[in-house]
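**Q** Before I ask anything, here is the structure I am working with.
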Amino acid sequence: MSAPLPAAGFDLDAYLARIGYSGPRAPTLDTLHALLWHHTTTIPFENLDVLLGRPIALTPAALMTKLVHDGRGGYCFEQNNLFLLALRTLGYRVTPLGGRVRWQIPRDVVPARTHLFLRVHLPEGDFVADAGLGAASLTRPLALVFGPEQGTPHEPRRFVKEGGRLFHQMKLGDEWADVLEFTTDEMHPIDWELANWWTSASPASHFRHNLTIGLALRDGTRKGLRSDGFTHRRGGEILHREPVRDGAHVLALLAEHFGLHFPAATRFGPPEAPWAK
C-alpha cells in the first residue's frame, strides 16, 4: 500500500523536531510508542486561547502554527488532530473516536461528548492513542482490550465494559477512577468541529471558566495548573502544591513549568477570577 499524501499545511519534519523525535519512521507499534511518548512529554495540554476569547482552528496550517512553530499547546481537538496528521502521514491506519470525559463526574451525570482520541490499527491489534486527555493524557498507547491492567510510564490504565458501557480508567493508589466513557463508533470531522465549537465558545463549557494546563514529565511525574493552583504529582502522590496568587503568578508558572510565554500584561479570563487579576 502506498503512503498517503501529506495533508496540505502539515510539515512532518517540523512536527518531529518539535517533539524531539529522530527515530525510525516505519509505521510500527514501537514507533507509535515513541511518538506518543515524545508528544505528550513535550507539548502541554492547555486551554489558554479559550480563556483569551480566541477561536480554536483545526486546519493543518493552524495546528502547525500554534502547536509546532509557536511552541504552544492545546486541548484534545488540537492535540489529537495534530497527532492524527502525523500518524497518517507516516502511513498508519487510524480511526478517530469520541468520548465523554468522566474525571470526577458521577456516572448518573451525562457530560457532553466533547473528547477526540485515536484508534490505531496495527498487525498486533488495535491500540488507543490519546495525547489530549489533560492530566490523564497517555504516555504509552493502550491495547484496545477490556479487563486487564496495562502499564504506562505514568499511571496504570485499563478499559472496562460495565452495563453495556465502555470506560477508560486510571489507577491512583489502590483505586480505579473513570477518566473517559466512549464508544467505538468513528468520530467524523463534522462531529469534532461541532464539539470543538461548543467546548471553546459555549458559556457552559468548563474551559471558558477554568485554567486547565497539564504536562507529563519523563521522570513519571505530571505537572498541572488549574484555577485552584499548581500541582506536581506522581500518580496520586502530591509532590508539591501551591495556590495561584494572581495573574502575574500564573504567567510565571506557565513559563517555568510548561514553557508557555505570554506578554506581561496578559490575563486569562474570566476577569472576576482571582488568578486573572
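The values are calculated or read from the model by the stated rules, or taken from the named source; none is laboratory data. The structure presented is a predicted model; accordingly, all values stated were derived computationally and were not measured. All Cβ positions, even for glycine, are placed from backbone atoms using ideal geometry, and neighbour counts span all protein chains on display.
**Q** Pick from the range 56-71 the residues that are under 18 Å from the mean Cα position of the chain (by Cα) and under 21 Å from D191 (Cα atoms): which of them is surrounded by the fewest Cβ atoms within 10 Å (Cβ to Cβ)?
**A** Looking at residues that are under 18 Å from the mean Cα position of the chain (by Cα) and under 21 Å from D191 (Cα atoms), I get T59.
**Q** Do you know which residues across the range 76-97 are surrounded by fewer than 19 Cβ atoms within 10 Å (Cβ to Cβ) and part of a loop (DSSP other than H, G, I, E, B)?
**A** Within the range 76-97, just G91 meets the criteria.
**Q** Given the range 167-253, what strands (runs of 3 or more DSSP E) lie entirely inside it while holding 3 or more residues that are touching a residue at least 60 places away in the same chain (Cβ under 8 Å) and surrounded by 14 or more Cβ atoms within 10 Å (Cβ to Cβ)?
**A** Where strands (runs of 3 or more DSSP E) fall fully within the range 167-253 and carry at least 3 residues being touching a residue at least 60 places away in the same chain (Cβ under 8 Å) and surrounded by 14 or more Cβ atoms within 10 Å (Cβ to Cβ), they are 175-186, 212-216.
**Q** Moving on to the next point. From the residues in the range 45-58 that are in a loop (DSSP other than H, G, I, E, B) and either touching a residue at least 40 places away in the same chain (Cβ under 8 Å) or β-branched (V, I, T) (or both), which one is nearest to R222 (Cα to Cα)?
**A** Once the filter is applied, the top-ranked residue is N47.
**Q** Which residue, of R100, R72, is basic (K, R), more than 19 Å from D30 (Cα to Cα), part of a loop (DSSP other than H, G, I, E, B) and modelled with pLDDT of 95 or more?
**A** The conditions single out R72.
**Q** Further question on the same structure: So how many residues does the range 104-126 have that are at pLDDT 90 or above, surrounded by fewer than 12 Cβ atoms within 10 Å (Cβ to Cβ) and within 22 Å of the chain's Cα centre (by Cα)?
**A** 1
**Q** Right, here's the next one. If I go through the range 27-44 residue by residue, how many of them are surrounded by fewer than 24 Cβ atoms within 10 Å (Cβ to Cβ), over 16 Å from V94 (Cβ atoms), of a type outside the set (S, T, Y) and in contact (Cβ under 8 Å) with a residue 24 or more places away in the chain?
**A** Total satisfying the criteria: 1.
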